[in-house]
Amino acid sequence: MKGHYRKKSKKALQVACLSTCLVTAWAAPNYACGPSGDPCAVPEPASSTLAAVGVAAAGVAAIFVHKKTLRKQ
Amino acid sequence: MVRLSVCLIARNEEQNLPRALKSIGGIADEVIVTDTGSTDATAHIAAQFGAQVHHFPWCDDFSAARNFTLDQARGQWVLWLDADEELLPGSDEELTRSLESDQVLAYNVIRQDLVRSDRLDLYAQMWQLRLFRLDPDLRFRGRCHPQFFPPVHETAKGKGLSVGTSTITLRHDGYVPAVLRSKLERGLRLLELELHDRPGQFYYLVEYGRTLLALENDERGWAVVAEAAEQLVPVLNHRTPFSSMIAPLLECLLQLPEDRFPPGITMNTLLDLSERWFPRAAPLLWIRAKREFDNGSFEEAEGVLRLLLEMGRAHSYDRSVSFNPAIIGDDALLNLGACLLRQGKMDEAERCFKGLLKSDTRGSEARSNLDAIGRLRRDFGVRRTRPKAKHG
């Protein structure tokens, strides 16, 4: 009975976490009155772009791997 | 020998000009200021700082004024500065090093775009092509947002030289809200003239559409954005984008109702292009995070927000287009906290919100969310997890 209660309470907490009123900030990503890109600016050199993309991708991958590990635990 | 000419054009810039000219004191062999019709003390101030002052009648064309200024310069190199910018201390050594290269035609330098004059720590960085050899083949075109024509890469290639990057850093406060609207209104008129002179230019179409939208002329803005998007249709399968301005176009399109898309473009196309062509464009990642959040995919939204925050710490985002730094800072952290709480990760969410309590932009929102967590803890008897004691 106690286990059943705890399970129910956990479910209720999950629902509460999903529905509780939170303040978020999803304003448009650019300035309210958007500044331009620089027409003279050029993309970074391919090598550094690839390296940076690699780092970024590794970052995302690491997050997901970390989460999986946590889930397994 | 005149090695470095610092050039700028100005009109009614008596407030900003002293800061700009002071910042380049001691590094320029000559300073050239072209006054395009000031009615204040701009020309007088420039002369006081030892600049050569020239006058050029304004003709609705920034490139014409810039090219006139270049014609007055005698240096081997030019550092182009705007009156609302300043060269940051610490750039001198890098500047000296850059001028010594005999392999480079022009350099991109870093510009910090402030959103508030009182917050020097709140900015996004952009590449700006500002240091270049004084060469008759490097001349500007475009009534606003001047660009080199022919493109600088083609000119460099033809001369057996390259276009480099440098850590020389400028600070710019021309996008703070107080001055932005009037700048946009002036820009709109010049964009219309430019597109009248040379119709169909992709860069200017995108800029025109965005400016209309920023000035809340939505109907016309969406129509122009859709017109620019038509130029994407033939290149959708290309491996690389033909212009960095595609990123802000995608940003606009992703916020457009799908029934307004031009034929051949769907929401999936736009999401695919964003990931394939601009994996580090912070505004596009932000829109993706929002979509995931709105769809209830909180784990995915969390991953993207963490990536944005990491990019913000390292300034490792795509620096070809400017954006609101809040999306790699406080706003991202607030939303990350929300994602974590939606997944039931109270402790982690709480840490995010506590980290914002001193924020002057999101402090009150963070406080409100912490109160919400406090209520949940009370209602469900959930205690904080104590940090594990460290052994050894």
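The values are calculated or read from the model by the stated rules, or taken from the named source; none is laboratory data. Not measured: the values here are computed from a predicted model. Heads up, the Cβs are rebuilt from the backbone with ideal geometry, glycines too, and the neighbour counts pull from every protein chain shown.
Could you say whether any residue in the range B:132-143 is farther than 25 Å from B:Leu205 by Cα and surrounded by 22 or more Cβ atoms within 10 Å (Cβ to Cβ)? Yes, the range B:132-143 contains a residue that is farther than 25 Å from B:Leu205 by Cα and surrounded by 22 or more Cβ atoms within 10 Å (Cβ to Cβ). Only one entry of B:Ser38, B:Ser23 meets the criterion of being within 26 Å of the chain's Cα centre (by Cα), of a type in the set (S, T, N, Q) and surrounded by 14 or more Cβ atoms within 10 Å (Cβ to Cβ), and that entry is B:Ser23. Taking the range B:260-375 and the helices (runs of 4 or more DSSP H) fully enclosed by it, the elements with 3 or more residues that are crowded, with 22+ Cβ neighbours inside 10 Å and within 10 Å of chain A (Cβ to nearest Cβ) are at B:282-294, B:298-314, B:330-342.
Just one of (1) of a type in the set (S, T, N, Q); (2) over 18 Å from B:Ser63 (Cβ atoms); (3) within 22 Å of the chain's Cα centre (by Cα); (4) buried (at least 20 other Cβ atoms within 10 Å of the Cβ) fails for B:Gln128. It is (2). Counting residues in the range B:99-112 that are away from chain A (no Cβ under 14 Å) and either in contact with a helix residue (DSSP H, G or I) (Cβ under 8 Å, 6 or more places away or on another chain) or acidic (Asp, Glu) (or both) gives one or more. Taking the listed residues B:Leu129, B:Leu170, the one that is in contact with a Lys or Arg (Cβ under 7 Å, 6 or more places away or on another chain) and in the same structural domain as B:Gln15 (by TED's automatic domain parsing) is B:Leu170, with no other qualifying. In the range B:135-172, what residues are within 26 Å of B:Arg198 (Cβ to Cβ), in a loop (DSSP other than H, G, I, E, B) and among the aliphatic types (A, V, I, L, M)? Listed by number, the list holds a single entry, B:Leu138.
Table: residues versus (1) among the small types (Gly, Ala, Ser); (2) within 29 Å of the chain's Cα centre (by Cα).
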position	(1), (2)
B:His44	no, no
B:Phe49	no, no
B:His55	no, no
B:Trp58	no, yes
B:Ser63	yes, yes
B:Leu70	no, yes
B:Arg74	no, no
B:Trp80	no, yes
B:Glu85	no, yes
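The single condition among (1) over 19 Å from the mean Cα position of the chain (by Cα); (2) touching a residue at least 40 places away in the same chain (Cβ under 8 Å) that B:Gly264 does not meet is (2).
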